[in-house]
Amino acid sequence: MTVLLSLVDALAMVVLVPLALGLVGAPALLRRVWPWLAVPAAVSLWLPRGAGAALLATPYLVLTAVLAVAGLHGLRRWAAADVAVATGLVAPLVAAGALVAERAGFRLLGFPLKTLALTVPHLHYAGLVAALVAALACRATGGSALGRAAAWCVPAGTGVVLVGYFLGDPVELAGAALLTVGMWLVAVLTLVRIRPLAPRGARALLLISSGILVVTMLLALDWAAGHVFTLPHLSIPWMVATHGVLNAVGFALCALLAWRRMEAVRQ
């Protein structure tokens with residue numbers, strides 16, 4: 001599990017976050033600096049826990065704090081897509097805080113180190129990538145009702161899952177359900193409204209990313225429900241190997257590459 005989780009984290013920090021930031025107009029300076037500070041943080045994942053690993057990850061924490069400030073400063077109105085973008089830009093700060101604490105071997109807020117380790121990918125993928133893709137889908141469909149619903153549900157679902165860390169499994173299940181609704185709305189909008197108008201190079205990527213969401217979000221729902229009801233569910237290592245890897249490569253990477261291709265054609 002550790003190797004796969006580290007690979008998923010590294011992909012998000014070094015590759016996917018800069019891709020996503022470029023699609024939502026994040027400050028250019030942040031995008032240029034990002035890889036230089038994300039790579040040491042990714043390297044820290046492969047080191048034993050301790051002061052050295054935490055020190056390597058700390059500049060990334062500072063970088064995400066700057067991004068969070070920029071995201072909140074850029075929130076000019078409470079439109080669904082704008083809120084999704086702002087919350088998406090704040091999410092890496094939580095991920096980076098969990099990363100530094102876990103690398104230091106410090107149980108932040110009393111959470112087990114395993115929980116902190118799993119928070120890192122969750123806040124990069126569901127927190128940032130999914131929220132920004134939902135915002136892009138909302139904007140691409142002219143702020144349609146379904147687009148607005150997706151843009152509200154994705155960040156709200158991620159937030160409720162985080163609250164569930166404190167309040168218990170039923171709340172986490174409610175968050176997973178809300179997040180699933182949002183992601184499935186993104187998939188439907190992508191297939192029905194966005195993909196038919198996309199350039200040829202992006203259509204296959206959009207098809208893959210949307211189809212993957214059906215599987216990965218069912219796994220997430222099953223995992224959350226299995227902790228509330230007597231239902232069979234995958235273990236954490238298997239969730240990383242299935243839900244985690246599929247979301248990282250099948251959804252996040254494919255979706256961001258597709259949106260980048262569409263942005264390039266528009267320009």
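Read the figures in this text as sums done on the coordinates, not as results from a lab. Since this is a predicted model, take the numbers as computed values, not measurements. Please note: Cβ atoms are built from the backbone with ideal geometry, for glycine as well, and neighbour counts cover all protein chains shown.
If the segment from residue 236 to residue 169 were pulled out straight at 0.36 nm per residue, it would be longer than the present Cα-Cα gap by 22.6 nm. With N as its number of residues, the chain has a Cα radius of gyration that, divided by 2.2 N^0.38 Å, comes to 0.94.
Among residues other than residue 123 with Cβ under 14 Å from its Cβ, the summed charge is -2 (Lys and Arg +1, Asp and Glu -1). Computed over the alpha-carbon atoms, the stretch 1-116 gives an Rg to Rh ratio of 0.99, Rh here being the Kirkwood radius from the mean inverse distance. The three principal axes of the C-alpha atoms in the stretch 226-267 carry coordinate ranges of 52, 18, 9 Å, sorted with the longest axis first. Note on residue 3 and residue 204: with the Förster distance fixed at 22 Å, the Cβ-Cβ geometry gives a FRET efficiency of about 0.15. Taking the three principal axes of the alpha carbon atoms in the stretch 21-69, the coordinate ranges are 36, 17, 13 Å, sorted in descending order. Taken one residue at a time, the phi angles of the stretch 250-265 give Karplus couplings (6.51, -1.76, 1.60, θ = phi - 60°) of x, 8, 4, 5, 5, 5, 5, 5, 5, 5, 5, 4, 5, 5, 5, 5 Hz. Gly and Pro are set to x.
Could you check how many percent of all C-alpha pairs in the stretch 109-219 are farther apart than 24 Å? Within the stretch 109-219, distances greater than 24 Å cover 27 percent of Cα pairs.
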